[in-house]
Amino acid sequence: MSYRREHRAFRASLFDGFDGLEEGGLRVPSSHSHGTDDHDNENAVDSLQDRVIFLKKLTGDIHEEVESHNRLLDRTGNDMDSSRGIMSGTMDRFKTVFEKKSNRRTCTFVACFVVFFLVIFYLMRVLRYFMLG
């Protein structure tokens, strides 16, 4: 029971300076001067105006950033389409090369030569590392 009394007392102390509620807002005590109200309202309006200006600039910056990213994505998509076209042409050429047995042997020979060259290159680098290091 004492908890309820303490809660009521705390709640009453919160609203000591106000006469009550009035259409969605708190009614200030009648002893409050009207000049102070106007000054407080002007300060609040100025603060809100500054916030609105800031938010307007921020949304403009966000819009520019989104437009920039959309252009970048469009360019990337176009580049991917052209790459896809080049890759499909290359794959068609490989298919025609591997259809003939003589071409297949030539490609195998070239591939073995490239692998052999890479192995020799790697071994030379390793030997040079051990000789200098």
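The values are calculated or read from the model by the stated rules, or taken from the named source; none is laboratory data. Predicted, not measured: the structure shown is a model, and the values here were computed from it. Just the protein is used for accessible areas: all its heavy atoms, side chains included, with ligands, DNA and RNA removed. Shrake-Rupley method; radii C 1.70, N 1.55, O 1.52, S 1.80 Å.
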Once the whole set of protein chains is in place, how much accessible area is left on MET80, using a 1.4 Å probe, in Å² to the nearest 10? 110
So what are the radius of gyration and Dmax for the Cα set of the range 32-101, in Å? 30.2, 102
Work out from phi, with θ = phi - 60° and the Karplus expression 6.51 cos²θ - 1.76 cosθ + 1.60, the ³J(HN,Hα) of each residue of the range 83-100, listed in order in whole Hz, and give x for Gly and Pro. 5, 4, x, 5, 5, 5, x, 5, 5, 5, 5, 4, 4, 5, 5, 7, 5, 9
